[in-house]
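Nothing in this text is a laboratory measurement; each read-out follows from the coordinates by a stated rule. None of the values given here were measured: they were computed from a predicted structure. As a convention, Cβ positions derive from the backbone with ideal geometry for all residues, glycine included, and neighbour counts pool all protein chains shown.
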Amino acid sequence: MKTKKEIDREISEKRLESRFGKKNSFPVPEGYFADLPQNIIQKIKSEQTFTLSFDHSPRTQRRWLIPAITIAVAAFIGAFFLFKPLTTQVNSIDKQVVSKGDIQNDASDYYYISHILYNLPYDHLLNAINEEDDTYLDSVIYSRSLIPDGTLKEEEVIDYLYYHMSIYDITQF
Amino acid sequence: MTLKIEVVLPKEDDKRLLNLLAQEKTKNYGFELLVKTYQERIYSIVRRMVIRHEDANDIVQDVFVKVWQNLDNFRQESSLYTWIYRIAVNESLRHLKSRKVKIFSSDVDVQKHLEQLIDNPLHFNGDQLEAKLQKAILKLPPKQRLVFNMKYYEDLTYEQMSAILGTSVGALKASYHLAIKKLEHYLDIY
């Protein structure tokens, strides 16, 4: 049996459909789909040929590669031994500072975010289902479910959207 | 020629295709069959997002090239259709984002540009009412537009959409409901 929400959504959809239809009016060139598989296969082949032609290029064209790679490897090894003691020292200091700071920040951030989410008014939930980031609602719902006495469930959010949403709210997104 | 789409999710076809793709001898034939099976549905969802045929063609070709390149990595945790659809969705959104960055300064500029294409019979040949609906749909943010098109035009279930987009069914229902309410408002129908 259909719920009230489903019926409501269907009515809106039917209204839209009866007025505007569901026709696909985007013209496609004649024979496009007949040719598409071959065009795609050609594209794959040409990309493979490009890769192969580089791999099998004549030795004369690749002679510069050997000295270039040798110089690059030598430079890398030299730089590694030259800067190693300094880098290690800096890293060890960074790690000490960062680890203490991170633990504190994580704990306070988590508390702060949880607090905000828990106290988020319903109006803000409307904004949550937003244009660029519809995963935000997921994160709100998920975060609230982590809080033991959090009462807001996904269904409640949806219910709210169905029965309390005004056109004013919608246009504010 | 105008596109007609029949939405049937072919699970049995998936098995057959995967068998063909798994063997070196039949791999090429299997891939051609795969393209033929999914090309119209994939094209349809991409075309509705980018409007121009030339852009849709580029994206669809890229989608299937990626499918070919990553066939060995496909783990069959999702259906073949879901996997291909997900690549198409990501490529379409990436295309719109890159247009925004490279050519236009905002989503509004991209939307205006796409609205102009609707007025050009080369890109859209529907009547005035259909054009009005398309322009209203273009006012929706890209992800919401995608959700609306998948449900309204492609008749996908929320569960299928959830598998493709990685978003919960509840959030998709809310997003679709919101899209319809916005369209009713834009089009002034109650």
- Rank B:Y176, B:Y85, B:Y152 by mean-square fluctuation in a GNM of chain B with C-alpha springs under 10 angstrom and give only the top-ranked residue. B:Y152
- Would you mind telling me which residue in B:F148, B:F64, B:F124 has the biggest mean-square fluctuation in a Gaussian network model of chain B, where springs connect alpha carbons within a distance under 10 angstrom? B:F124
- Could I have the simple spin-label model distance between B:T157 and B:Q128, label points 7 Å from Cα toward Cβ, reported in nm to one decimal? 4.1 nm
- Message: Give me the inter-chain shielding for B:53-66: mean count of other chain Cβ atoms within 10 Å, whole number please.
- Response: 3
- Message: With angles folded into 0 to 90 degrees, how steeply does helix B:11-22 sit against the dominant principal axis of chain B? Use alpha carbons for both and round to 10.
- Response: 50 degrees
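Given the -39500 (n - 2.57) contribution per DSSP H run of 4+ residues, what per-residue ellipticity at 222 nm results for chain B, rounded to the nearest 500 deg cm²/dmol?
The helix-only estimate for chain B comes to -23500 deg cm²/dmol at 222 nm.
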- Take chain B, connect every pair of alpha-carbon atoms lying under 10 Å apart with a spring to form a Gaussian network, then pick out the residue of B:E24, B:E130, B:E91 with the largest mean-square fluctuation. B:E24
- Query: Given the pairs A:K23/A:K43; B:K112/B:K151; A:K45/B:K139; B:K15/B:K173; A:K22/B:K182; A:K43/B:K151, which span a C-alpha to C-alpha distance of over 28 angstrom in this model?
  - Reply: A:K23/A:K43; A:K45/B:K139; B:K15/B:K173; A:K43/B:K151
- Give the calculated FRET efficiency between B:N90 and A:I71 to the nearest 0.05, with a Förster radius of 45 Å applied to their Cβ-Cβ distance. 0.65
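Could you tell me whether the range B:47-190 comes out rounded, prolate or oblate from its Cα gyration tensor? Rule is a ≥ b ≥ c as square roots of the eigenvalues, rounded for a/c under 1.5, then prolate if a/b exceeds b/c, otherwise oblate.
oblate
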- Item | Contact order relative to length of chain B, as percent, for alpha carbon pairs under 8 angstrom and 6 or more apart | 20 percent
- Can you give the average number of partner chain beta-carbon atoms within 10 Å of each beta-carbon in peptide A:29-41, as a whole number? 5
